[in-house]
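Only one structure is covered here, and it is reproduced in the block below.
The values are calculated or read from the model by the stated rules, or taken from the named source; none is laboratory data. Because the structure is predicted, anything quoted here is derived from the model rather than measured. Neighbour counts run over all protein chains shown; Cβ positions are idealised from the backbone, glycine included.
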Amino acid sequence: MGALVLSLAVFLIVHNIARADPFDTWSWRYPIPQGHALHAVTYGNGQFVAVGDYGTIITSTNGYDWTIQSAGQFPQLLGVGSSGGNFAAVGVGGFIALSSNGVNWILQTSPVTNTLRAVAGNPNTAAVFTAVGDSGAVVKHPFGTNWLKVGYNVTNNFRAVTYESNSVYVAGDGIYIAQTNIFNPGYSLQCITFANGQPTLGGSLSSSYGTTAIFPNPILTNSTWVNTSPGFPGYYTVSGLAFGDGVYAATYYSAYSLEYNYPGYVISSTDGTNWTYGSGQSGDYLYSIAFGNSVFVAVGEAGSIVISPDGVNWTDITGFHRTAITSIACSQNLCIAAGQEANQYLEYIHYNFSTLVSSNGADWRISTTNLPCLVALAASGNTFVGVSAACAYTTADGYNWTQNCIASNNLRAVGYGAGKFFAVGDRGAIFYFPGRLELDQLLA
């Protein structure tokens, strides 16, 4: 009997330990599809695959609707490429993973520990890849074999790689390698694309930030590098290049984003020489661009995804996601989230909402854009109260707010209990509502 009781007790303990807690699993709800920085995007096998910080991998068949496939399982991912329906992702510490569908990824044994910044696949074969990275790191994956370390006997940091007619082209800090020919243009090259068999490279005019540089067909002019970029203000770096349907598209960002407040742009060209600005740009850095399924897709900081059918007209499909969420409260039928107010002197981010509302916690819409930062929110029934600086704000729907500035010091938190809302702040301030028609000072 004692053994039975002991066994039952052990079973109950193990069962309770193994039982999943309802808070064990969380789903990303805003911004959609996610908010981690995306560093690279590629197209293959009928879908886009983008990778970024915290091992984030997302996929889309049309560029508009995205699904998170991985987050938090891998280190920072900096490059992704496709080959014959297969995908490779690379990142810090020499990380490499392969996938046959963009969904399920298999960790590879890497022959290097250098950070790998870019990977490209041979479009004419299956699962043949070349990845490049810091200190001249180059690794290849011939079909059916392990990854092999190769090299060009250089120590430059490589930042871009692509295939053209089964040949490999590599670019980086002060170096460009066309097949086996090595050139030292003295520019920091970030990206390569091919059109009609001819290369176009992008980057900046120095190894650090410098004037924007785009070089069409540099090898065909006896290594005479001609910069054809438009005259941008400040210092910009071309971070991505793509070609499709007779149009070049390039992403670039500014070293002075904090000052100019225009970090992410896309430009386009029909000849690789004359460039024009696109419309509907992103408010975040844009790092990479790809063409597929008749659309251009560019990705960047804070999960930004912008899409265009022609390289000229762009839509930011990730919407109003660049404001930091500072507080949230929910009643039975409504949730309200508050965003951080803009600081134009310290932040490059475009703060473009102050509150969001949702009836189910999954689908959110903007309700206000002109409130100050509500550092705390509380709800009871149909009443919501938020606090900011020396003021309290009340609403029933998240759209229409009433302001009551009732303190001489900053309010820091608000809560509900015993039939009242309580707001507390600096110097021991405590207020409550309702009491009279306004918040009453209980202790100062």
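Odds and ends about this structure:
- Residue in the stretch 136-152 that is more than 18 Å from the chain's Cα centre (by Cα), modelled with pLDDT of 95 or more and within 25 Å of residue 307 (Cβ to Cβ) present: no
- Flag if residue 393 is assigned by TED's automatic domain parsing to the domain that holds residue 359, surrounded by fewer than 21 Cβ atoms within 10 Å (Cβ to Cβ) and not small (Gly, Ala, Ser): no
- Residue in the stretch 65-73 that is within 17 Å of residue 161 (Cβ to Cβ) and of a type outside the set (A, V, I, L, M, F, W, C) present: no
One line per residue, one yes/no per condition, for (1) surrounded by fewer than 21 Cβ atoms within 10 Å (Cβ to Cβ); (2) at pLDDT 85 or above; (3) among the charged types (D, E, K, R); (4) more than 29 Å from residue 26 (Cα to Cα):
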site: 336; (1), (2), (3), (4): no, yes, no, no
site: 385; (1), (2), (3), (4): no, yes, no, no
site: 389; (1), (2), (3), (4): yes, yes, no, yes
site: 404; (1), (2), (3), (4): yes, yes, no, yes
site: 419; (1), (2), (3), (4): yes, yes, no, yes
site: 433; (1), (2), (3), (4): no, no, no, yes
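- Entirely in the stretch 112-158, the strands (runs of 3 or more DSSP E) that have 1 or more residues that are more than 20 Å from residue 76 (Cβ to Cβ) and among the charged types (D, E, K, R): 138-141, 148-150
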